[in-house]
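First comes the structure, then the notes that go with it.
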Amino acid sequence: MNALTPSRRSPGMSTTTIVYLALVAILVIGAVLVSMSGRNLFSNANIVDLLTRSSLLGFIAIGQTLVILCRSLDLSVGYVMALSSLIAATTMDGQVSRIPIAMAAALGVAAVIGLVNGVVVTKLKVNAFIATLGMGLIIKGYLDTNYAGPAGDVPEAFQSFGYTRIGPIPLSTIVMFAVAAAGIWFLHRSRTGHHMYAVGGDAEVARMSGVRTDRTVITAHVLCALLAGVAGLLIASRFGTGSAGVYDDGYDLESIAAVVLGGTYLLGGRGGIGGTVGGVLILATLDSVFNTLSVDPFIKDVLRGTIIIAAVAVYARRSLSGAPTRRRFPERPPEPDIPGQPGDTPTHSETGAGGRP
Amino acid sequence: MTGGNGIAARLRTITERVLSGSATVFVLLGLILVVISVLNPKFLEPGSLMLFIKKAAPLVLLAIGQYFVIVSGEFDLSVGSLVGAQVVIAALLINGVESATVPVILGMFVGGALIGLVNGLVTTLLKVPSIIATLGMMLVLYGAIRWLTGGAPTGALSESFRVAGRQGIDGVPVIGQIPWALLIMVALGIGAGFLMRSSWGRTLVAVGDNERAATFAGARAWWVKTSAFILSGLLATAAGILLGGYAGVTAQVGQGLEFTAITAVVLGGVVLGGGRGWVVAAMAGALTVEALFRLFTQLNLPSTIRPTAQGLIIIAAVAYAAVDRARRQRTPTTIGTPRHSDVAS
Amino acid sequence: MTAALLSMTDIQKSFLGVQVLHGIDLRIEAGEVHALVGENGAGKSTLMKILAGVHRADTGRIELDGAPVAFDHPLQAQRAGVSTVFQEFNLLPDRTVAENVYLGREPRRRGVVDTRRMVLDTDALLADLGIEGLSARSRVRSLSVAQQQIVEIVKALSYDARIISMDEPTAALAGREVTLLYDLVERLKQRGVAILYVSHRLKEIFDLCDRVTVLKDGRLVESCDIADLTPDELVRKMVGRPLSGLFPPPLPDTQVGTERLVVSGGGNDQLDGIDLSVRSGEIVGLAGLQGSGRTEIAHALFGIAPFTRGTVELDGRPIRLRSPRAAVRHGLALVTEDRKTEGLALNQSIASNARLVLDAVRSIGSSRRARRAPEILSSLELVSRGPHQEVRFLSGGNQQKVVLAKWLVTEPGVMVLDEPTRGIDVGAKHAVYSLIRELAADGMAILFISSELSEVIGMSDRVLVMRDGRLAGQLDPAQLSPDSAESAVMALATGSTETDVPR
Amino acid sequence: TTDSPGADDQADPGDGQSSDQEWFVQADYDRELAQRSIQPEGDPDQPWLQAIEPDWVDTSGFLNEEGDATVCFSNASVSNPWRVTGWLTMQQQVEVLQESGDIGEFRVSDAADNDNQQISDIQAFVDAGDCDVIIISPSTTATLTPAVQTACDSGVPVVVFDRGVNTDCAVTFIHPIGGYAYGADGAEFLVENLEPGSKVLALRILPGVDVLENRWAAAQQIFAGSELEILGNEFTEGDGAKIKDIVTQYLERGDVDGIWMDAGDGAVAALEAFEDFGVDYPVMVGEDELSFLRKWKETGITAIAPVYSNFQWRTPILAAMDILAGEQVPAEWVLPQSPITSADLDEYLERNEDMPSLHYAKFGGEDLPGFPDAWRDR
Ligand SMILES: Nc1ncnc2c1ncn2[C@@H]1O[C@H](COP(=O)(O)OP(=O)(O)OP(=O)(O)O)[C@@H](O)[C@H]1O
Ligand SMILES: Nc1ncnc2c1ncn2[C@@H]1O[C@H](COP(=O)(O)OP(=O)(O)OP(=O)(O)O)[C@@H](O)[C@H]1O
Ligand SMILES: [Mg+2]
Ligand SMILES: [Mg+2]
């Protein structure tokens, strides 16, 4: 059991690798099943479909990764997305000239909501689960009261964000990957990024070391809400109008699932955006496969549930309980133990993975 | 050290508990009830109080179950769809046949326990974070049940099935009717209270607080947690029986209850992440949530704006409790995450 | 007189209405090593945390070079040149050594974190302190307790501080590392750095320190040159009463009986060829360097990382210890080396921690035994605000006492103590020693792991010495004469000689 | 049920004000109320083929001889009993046509009420390029418009039914009369059957769904012209427990003489609230869901069951066949929609005798070979 093994583990990288291995596995299996039904999973149509599906969830999941790394959580993303789509659409009101302010307004509001989330979590010390659940309800009330149904009108020019394609790759997906890259860079190369890992790992230690923990968590929440806002823009551009309805499409939980599928540790401090993108692609692949096989919608849910659990189980055990230190007396033929190897201690070897019960 | 005599000590624990975050919920509950009864004195009549309890009982049971899981450091997001599944299956199997009622109910409890068992084992043995494990279970149940019934509930519940949630002991002086729901709720509440004072309960809290230490002390952490999930499954089943009894089968039954239940438990001052909290307060939390809904209708608040009010009140209450706790026991570890917390998967 | 480098005057502090510091004064000159001693709960750590800006004093003045300062945040203290090695570890297990050392002040080039420089600088620091086998890139999680402690110290140094306070820095260290720390401190003195040094190990205090300040129950007892004191006087000032000889002799009615626990050929992936036996009434010491595998033996016996080879017999009957639960059921007890992560449920009350094992492993007599908890706790001289206080509010030492109590109530037949006196003050240490003697007298078999050689030698009937996962040898009562023993143990531990363990 | 012809929805509520008026378009209101009394063209025994005031469009351009066509259906969801019933009917209809070789492959994607998902689904159909006809049941009116437009532009004939979209590019748009008519049927019944000054409670499912808003808007219109007192309108998500609780609370505060619902889900729970509270039943507006019809019969209450014709799920398939056969179809195919009254209650009860309680009486599949098993044992 995890509680029994000394909590030492090999670097997070390896988890991400597993995520992509899982993705490949699912792609292969999916491809086989689809081809058995006489179709081709990698047909242009399906690739487009797969990528389009991934972009929306992608934006949200990337943001979710940041808050989860900080040992927080955001259950209000769905509502922020809905709100932002409405603000954008109603502000644009069909005029190309108003696209910029509309985007600014939507993202601005989203950021403010993120700020509030962050402040409530850090300063008022409300558990993020409840804080953001509550924030979600607050927005819901506002939406239900003020937007009875779809509203606003998005000009063609902006709809292109949702529909343009470069080759088989939708523009929105390219943007999503760009954002992901930026996020990865941010986590590895900015102080705030480093501090997010620190705060998630152990807020007290971070504080003692002079990290402004609250500010870090708040930043994460703002960024997360911003990305939910971007998702809202994507929605608006695809719907040609704003829609309150999207809030109960379950993106909140799905994004968390994607993050965890991506190998990020729910209790913060480990993981990264690279994995999350993998997680998102896994979920999108499942949807595409189910669709091309036109699986019964209810069975779909059953399968998704099972596969999510299974996939996480595959590497949860490994990534949580760490590899032991140098195994002095290996039962099996000894794995190469490379003392003093760069980036490694005499006592610590990545190859020792899972050597213990 | 001073080992005060039994009663004094017990009183001390109670007060300490009430002080440590639980106070808010009782105050809030009292407040809401007062406001309601000012708006509508009829509410205080035993009759309508009983009707209120009838409605609230299922959530209270769910809150108890959720409490066990949360205090052990986990989540159970599957209870909502479990309640739904139970009611729909009951309707499907009973299909109006009185004689089928009892066997089906027994079957439901077995089923509930099994779902809990799976949740528990997936969480403890497969090391899948419980949010994900139970989220997956939520999807599976949701899909499975609709697949089974072709999308919409079929069949019908028998009258005897509905007794627990709908009837009561009639002809009681003053009160008129004591709902079975009330008795069941109280009985299970007391049961839970004692359970938490048993060694199982103490171990459960210890595991939620520091799984590693508890394991080193000889606790079977995996089993203790799993049994918490099983209890949650059983209580969800009981809640399903009350709910189905109260209102019969509709396609939506149970939807979203998991979040309401968690909210209730947290309102009760139980700390997400485990190791702290009092089951009685969790039950009070459930009553508070229900009272809140009731208050909104009394105020004739436009339905659309209610979620906003609900969100604000919940955040405010939890924030108050949290800041309060923080103020009362300032210590390096309140903001910091205790080092052991990273072994609790 | 000239302004001292640091002077703290009339510091008062209370937690939840309980005053834990009553008007403490403290003066430290540049280049001086200043010892801060006192019993568990005396207020040492609290005073340090105030200096470090973790807590804020209720009243009192802090001056650096005569200029008054007030730190609300560790960062301010560090900026002012005051850095601290706290009693609890303050590292992020999942980040690298470099990331930990520079946490909060990552070096940047053009606004971007310069990871390369971060690593180089850290390696430089390590080299500068003459530490090998520790890479700036390795994750802290993969380090031994000792190595982690060293990273802590390196981190504190990296602020090029003028004052460094260390709260029990050697608590987790043995032999080699302690000496490493010694010349580290020397070097800092040369640089004119002042050091505030908290330790319960008298030897270190007399080896290292120039002045000493003694606290008792949050009050200042006295502050004087170490030269003016003998160890006994110091102890008397700390405890308020003289302690009859540090290690109590075996109780008269103790008789070493039959072999109770016998391990033959025990091994797993950290251990090999472990042959040891503990008789009832016997105290067997287990010595060795940090990382030599003593804890592994404890864990193996307790079924945490069980033996995969060899046999274990209890009272002559072969048993399989596959889990801590099984071990507890067989009447074993393990006082783990790390109380915070392995010993205690920090948010629970003293009372419920004390009966944790009884609750976790239900058995006949549990409730009867639970009733003995208060008595046992008081016999350990626990300082607390009653059985309902949460243990996280206890001082380090008092927490350790709760751990001991938790096991004693189970009335075990075999007790494995891994660093039982780590971070415990002299007074309490003495209590623990006599307790161990009593247990032995009651016929309990005791395996006693410690990094404090004097302690192992002073208390044990036999001493086994570990080296790199194997038993390097053993010293019989005859060889345990205080003078020669220490060198003999070190010789075995470091492998300069080899003697076979008699079967 | 939460389904509607979006033809009603041109309003733009985005101005941030939700006066219910924004859901009220006088012209549409008048048209729908009028359509109720117009005799539809076609065989009354096949209401799913009847059409009110059709204007026929020529589809010869889509003629496709070789039969066994690939029919692609993008479904919003089967997330409520009404849609489930309809979906069963549609599948049965398809089977018949597959037997006869008119339909080859019937390709379905279900968007589970997720607009974005459905946009992708439709996109996928278009990209796949081998659909002979695309049938769409949009999950929301406005949001699906661009996707439907793309489908039309791909040159494949498009059939839209149930909810509409803000484009008439589809070859035909099939729907029953609509939400105003539905809402009015119930409201008028209450006005006729209640004393002036009686108290009416309005129970609604969700805010913001065009059809439901239309039903409520029409009801308000009619109540406004009456002496009935509206106690309040509450959202229930169709959850029996909520409905029962809310009704109980209103009873605690005073009498309730009539109940208007924008959809029948949970009508039974509402009636039970009266039973458990020990007061007389109200005048009731439900829906043609069997659980309600049976309760109605058993309690003998004064009630009406407005109908949102479930048989419309058959029509799109048949329309698709007509189009592929090059026969003309109505541009807007308005199906009849008439409530069930005490007069024809018994008839519908015994027609659907062994159907499950969440089945819809006017599902119009009685003549399909699969009847009754396909609907009974699901
Ligand atoms: N955060 C806190 N909240 C409440 N009480 C505290 C807190 N920190 C310390 N105390 C109390 O203050 C007193 C002094 O604690 P402190 O840790 O300074 O003792 P110490 O001298 O370091 O003991 P040890 O040698 O065991 O570490 C103890 O009685 C402890 O219970
Ligand atoms: N040279 C080493 N450097 C770092 N870690 C080591 C080394 N050798 C062993 N380890 C591992 O580090 C941990 C600490 O060593 P361990 O506690 O087992 O030895 P010990 O003799 O018990 O030392 P202590 O009890 O003082 O910690 C053990 O789990 C061991 O596997
Ligand atoms: Mg201390
Ligand atoms: Mg050790």
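Laboratory data are not the source of any read-out in this text; all were calculated from the coordinates shown. Because the structure is a prediction, the values reported are computed rather than measured. Note: ideal-geometry Cβ built from the backbone for every residue, glycine included; neighbour counts use all protein chains shown.
Among residues other than C:V391 with Cβ under 12 Å from its Cβ, the summed charge is +4 (Lys and Arg +1, Asp and Glu -1). Among the residues of C:139-147, the average count of other protein chain beta-carbon atoms within 10 Å of the residue beta-carbon is 6. Restricting attention to chain C, close to 55% of DSSP beta bridges with both partner residues there are antiparallel. Note on C:K429: lysines with a C-alpha under 27 Å away, same-chain residues under 8 apart excluded, are C:K13, C:K44, C:K49, C:K203, C:K216, C:K237, C:K340, C:K401, C:K406. With the simple model of a label 7 Å out from the Cα in the direction of the Cβ, C:D217 to B:L44 spans 5.3 nm. In percent, rounded to a whole number, the relative contact order of segment B:20-325 is 37, using alpha-carbon pairs under 8 Å and six or more apart. Charge tally for D:S120 (other residues, Cβ to Cβ under 11 Å; Lys, Arg +1; Asp, Glu -1): -3. Ordering D:I134, D:L206, D:C152 by the projection of their Cα atoms onto the charge dipole of the protein assembly as shown, which places +1 on the Cβ of Lys and Arg and -1 on the Cβ of Asp and Glu, puts D:L206 at the extreme positive end.
Using C-alpha pairs below 8 Å separated by at least 6 residues, the relative contact order for chain C is 16 percent. Between A:W185 and C:R385, the FRET efficiency estimated from the beta carbon spacing at R0 = 41 angstrom works out to 0.20.
Which stretch or stretches of segment C:4-24 have amide N atoms under 20 Å from the point lying 7 Å from B:V323's Cα along the Cα→Cβ direction? What the label zone holds, given the 20 Å backbone N cut-off, is C:16.
Using the Kyte-Doolittle scale, find the helices of chain D whose mean hydropathy is at least -0.5 and whose Cα atoms extend 15 Å or more along the helix's long axis, counting only whole DSSP H runs. Flagged H segments are D:81-99, D:115-128, D:141-153, D:179-193, D:210-224, D:240-253, D:267-277. Listed by chain and number, the lysines whose alpha-carbon sits under 17 Å from that of B:K54, ignoring those within fewer than 8 places in the same chain, are B:K42, D:K242, D:K244.
Considering only DSSP beta bridges with both partners in the protein assembly as shown, what is the antiparallel share in %, to the nearest 5? Here the share of antiparallel DSSP bridges comes out near 45 percent. Other residues whose C-beta falls under 10 angstrom from the C-beta of A:M81 contribute a net charge of -2, scoring Lys and Arg +1 and Asp and Glu -1. Packing here is the average count of other Cβ atoms within 10 Å per residue, and on that basis the peptides B:83-92, B:317-326, highest first, run B:83-92, B:317-326. Screening chain B for whole DSSP H helices with an alpha carbon extent of at least 18 angstrom along the helix axis and a mean Kyte-Doolittle hydropathy of at least -1.0 yields B:23-39, B:46-71, B:79-94, B:101-124, B:130-149, B:180-197, B:221-247, B:279-298, B:306-328. If you wrap segment C:352-465 in the convex hull of its Cα atoms and look at it from every side, the mean projected area works out to 7.4 nm². Setting aside same-chain residues fewer than 8 positions from B:K225, which aspartates and glutamates have a Cα under 16 Å from its Cα? Excluding near neighbours in sequence, the set is B:E74, B:D76, B:D209, B:E211, C:D359. Taking every alpha-carbon pair under 8 Å whose residues sit at least 6 apart, segment A:21-318 reaches a relative contact order of 35 percent. The residue list C:L120, C:S144, C:S45 was ranked by how far each Cα lies along the charge dipole of segment C:4-241 toward its positive end, using unit charges on Cβ atoms, and C:L120 comes out on top.
Taking label points 7 Å from Cα along the Cα-to-Cβ direction, C:R56 and C:A370 give a separation of 4.3 nm.
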